[in-house]
Structures are given as C-alpha cells and as structure tokens.
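Read the structure below first, then the notes.
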Amino acid sequence: MAYRIEVRDRDLNRVGVIDTWIQLDMVVQFNDQGSWKLLVKAGTPQAELLQQGGGVAIYQDGVQTPILTGQIEDFQTYWTVQQHSSEGSIFVGGKTDNKLAYQRLAFPEPSLSVSQQYSSPNDVRNVKKQANILMWDEVRKSLGPGALTNRQVAGVDTGTSPTGFGATKSDSLRYDVIGEKFAEWSSDKKTGWRLIYNPNTKSIEFRTYQPRDLSGKIRFSPELGNLREYIWTLSAPKVTRVIVACQGEGKERYIWQKIDSASETEWNLQIEQFVDRRDIPLKTDTNGNPALVVKKDADGFDDIGQNPDGTDWTSDLYRARRDYGSAVLERDAAQAQLDAAVTDEEKAAANARLSAANTALNEAKADLILEINAAKSTVVAYYLEVIEQAADEVLKEGEKSGNFQIYPIDTEQIMFGRDYFVGDIVSVEVNGVTYKDMVREVNITVDDGGNALTVSPKIGDQGSGDPLNLYQTVFDLRRKLRKLEARM
C-alpha cells in the first residue's frame, strides 16, 4: 500500500505534499509517542517545505485519517562521496503529536500559575472519572482551551466532553507527566487516545476510543501467508527456592523458605536464593516459632510499632492506649492539684484524687500491657505475610518463562491501517494454538516510491521492556508440535 506526506507550517496550515523521498521510517504506538524519520534530497523544493516549527501528516492510500502526525524536531544533513555529488540529503524527524501529553505536567490546581500554587487549599488534586473522560479533562485543563493562556498549545482542540466508557479510575495528581498518567489509566487496554493533526480544521484533535476486538477477523498464521517468521522459547526458572532471613542474631535469626515445587519437578532442578530482610522484626523463639523483636518505648512498654496505615494493630490496643493516656493526664492533674493545695482540706481532697488516679493508672497500665501482648500475634501474622510477599517477588522475577515472537506482514487481504490499527486485538495461530492480544506497536519502512517495504506489528508486550511471558501458550505450542512430529 502506498503512502504520501503532507507538510504543515508552524501555524498548522497545509503548505504542500512530499511525494519523492529516499526513505521513510515510522513507529506507530498505542497510547504512546511514536516517531517518524524522513530522508530527502537536500536543496529540492520539497525539502524546503520542511521547516522548524512545522510538521507532517503521513497518509496511507484509501485511509482518511493519517497514520501519524507530528512536529519536526530534528534536522540532520547527510552527505557521502559514495552516494552524493550535489548537496546531499537531510534527515528530518520527530515524535508524533502524542508527545504533547508528555510535555505537560498535571498541576495540583490547573487554574493557578506555578507561583500561585501555594494559595490552593490542597497540595494534590484528586480525580475520579471514567478513563477517557479523565484524559479529555486533563488535556483540556493542561494544554487545551481550558488551560492557562501561557500553557495552551495553539491549535489543540479537545471538542466537547466525550461519552464515558470503561472502568472508573481514581488518582491523585501533583506535577505528574500527563502522558505517563494516561498510560496508567489505560493499563487495562480498555481505552485508547490520540492527538492527531487535522489539516482541514488546522487543529490537533484529541480523540479517545475503545480498542476493537478483531481477533475473529484479523488472523495471522503461516497457512494464511501473512506471518513471515515466528520464534518461541521456553526458559527454565532462575530461582526455585527463596530463603528469607529476618532479624534476630545467630541461631535466633528467623529464616523462612518458599519452594516452587511445580517448576522443580518440571525442569528437574533446584536453585536457591538468599534474601536479607533485616527490616522485618521477627526472630526465632525457643520452640522454633516466629516471635516479634521488640524494644522498650519511653514509658517502658514493648514497642510493637503500628500497622501500615499508621494506626494501632487492634481496636482493643487503640482503646487501651487511649485509656492509658487519659489516666496519665488525670494522674498529672491530681499531682498538680496536690502541689497547689494550701489548707489541710485542700490537701486531703487532692490526696484522695491522686490515690484514685494512681489506682486507675495502674489498671490502665496493666490493661495496655495485656493488649500489647495480645496484639503481638497479629503483628507476627502481618510480617509473615510480608515474608511470603518478598519470596513471591523473587520467585516471580526468576520464574520460568515463555517468549513468543511473531513477525506478521501485510498482504492484500489484511493490511495495517486499512484493516486494523494499533490498539486492536488480533489473533495469531501457530501449530493449532491461537493467541489473542493487542497490537501495541507497528514499525513501517517506506521506499522512495511510496510503497511499504516492511510492516512489522508487535503484538502484546513483545519487544517491550516487559516482554511477553506466555509460558503456558508456548508450552502448548511445543506439546502440539511434538504430537504432530510423532504422527509423521
């Protein structure tokens, strides 16, 4: 399928078309910035169209909406004696217009300038709406028509509030990068967004959409002739036994182990890893059981700390601590009354009050000690969960993995842009196993005739910093392939 490039100036006016170039490379990404790079001959009228502050809209024949649009961010002159006898070539490129969301921060109070943020009653802004409405509202407030005048990006059009769809998201904002927040809000793959240039309205429009499930229609497989290559890999775990060591000294140090028995059986190996967690206040008692490591606080009580939300471990402990505090205040008040007494009658009354206060204080102290000891089992249970979580994290990081790399190609029947786009869910069929996931990224290289040389979609998290771990899928592929080979 052929491509063409329309050029815009810094005021978003369409100023011309480039239909002759040496090479064009594009990376179209779902809910991310993407990029483009164009190599053209220097000194030509078409090269002169490309100016700082301007940008491009790249179209695919037969598709009304641009594949991508973006501002020019880089110029590079390229000349070599092997290829050039005149002025050489220039590389021009940049990111897509989605980058605008990565160039703005979410202010705690968007209606105030940076120097006036102190006057806001809140230092964070809490938000709660459906994801696409959150995104629309944030673009409008931070760079669109609802933003402060000096923060508005010329030409950005957010339109009217969209109809909400998907799950409701809640968050707190304080100078966060908006694009990164959008990634969090759309991590469930239910909401897509784009900032795309519209040459007809001379604006950059913000659009949200729901990814389409095209898995029944858009299929890739060797049999269909639209899968250039696939590679599957099974890797053994890097750790199967995690030993977590807590506080305590010598033989008292509490040691706990978790084993991934299933992986050990499957791969016939055992791999141990030691995790030093002296921050966990557990030791081993004389019976070999976990016990809390405690110190005395300023009042001489066992200091068992507080739970993660900053409150006492149990309601009874909270009550006992409150009652003890009240008893201390009453004892101090009674002592102050006695110190101030002058007459025998005043002293007698003060002594009576002090005696009762001391009795109540002793009872409150005994009750507090009782509740502290009773809460220790709750504290120990909590830290045992922390230990297991620490072990699970290590096992997860070193777990067995299955990687499935697929390399689809465009055919007359199925073409990127025309039939599917980033964000759509497609299916891949290999050896009788079907895998469905989202098209997260597409890399496109276009030749000097405007025709695509390569179109390489990345499906799922393939090729990202968080690669696919499709262990069961790949395991099934391997098992079915072995069955096929056994029949031959």
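The values are calculated or read from the model by the stated rules, or taken from the named source; none is laboratory data. Keep in mind that this is a model prediction, so the values were computed, not measured. Neighbour counts are summed over all protein chains in view; Cβ atoms, including those assigned to glycine, are modelled from backbone coordinates with ideal geometry. We work out accessible area using only protein heavy atoms, side chains counted, and drop any ligands, DNA or RNA first. Shrake-Rupley method; radii C 1.70, N 1.55, O 1.52, S 1.80 Å.
Things worth noting here:
- Solvent-accessible area per residue, Å², over the chain with all protein chains present [probe radius 1.4 Å]: 52 Å²
- Taken about its Cα centre, the chain carries a charge dipole of roughly 1300 debye when the Cβ of each Lys and Arg holds +1 and the Cβ of each Asp and Glu holds -1.
- Share of carbon and sulfur in the accessible area of the chain stands at 47%, probe radius 1.4 Å.
- Taking the empirical scaling 2.2 N^0.38 Å for compact globular proteins as reference, the chain has a Cα radius of gyration ratio of 1.44.
- Under the combined filter of DSSP loop state and at most 14 neighbouring Cβ atoms within 10 Å, the range 19-127 retains these chymotrypsin sites (Phe, Trp or Tyr not before Pro): TRP79.
- For the range 202-218, Karplus couplings with θ = phi - 60° (6.51, -1.76, 1.60), whole Hz, Gly/Pro x: 6, 9, 10, 8, 9, 10, 10, 7, 9, x, 8, 8, 10, 4, x, 10, 9
- In a DSSP loop and with at most 16 other Cβ atoms within 10 Å, the chymotrypsin sites (Phe, Trp or Tyr not before Pro) in the range 174-259 are TYR175.
- Sorted largest first, extent of the range 312-468 alpha carbons per principal axis (Å): 111, 33, 20
- Electrostatic tally near VAL28: other residues with Cβ closer than 15 Å to its Cβ, Lys and Arg +1, Asp and Glu -1, net +1.
- Per residue, the Cα convex hull of the range 384-427 amounts to 118 Å³.
- Beta bridges by DSSP in the range 130-270, antiparallel share as percent, to the nearest 5: 85 percent
- Long-range Cα-Cα pairs in the range 40-171 (distance over 21 Å), rounded percent: 60 percent
- In the range 114-222, the convex hull through the Cα atoms has an average projected area of 9.6 nm², a quarter of its surface area.
- Set LYS169/LYS238; LYS190/LYS458; LYS128/LYS458; LYS169/LYS202 screened for pairs whose C-alpha atoms are more than 24 Å apart: LYS169/LYS238; LYS128/LYS458; LYS169/LYS202
- For a straight C-alpha distance cut-off of 30 angstrom, the lysines reachable from LYS347 (same-chain residues fewer than eight places away being disregarded) are LYS365.
- By the Kirkwood approach, averaging reciprocal distances over each pair of separate Cα atoms, the range 326-414 gets a hydrodynamic radius of 19.4 Å.
- Amide H contacts for ALA2 (H built 1.01 Å from N in the peptide plane; partners 5 or more residues away or on another chain; cut-off under 5 Å): ASP61.
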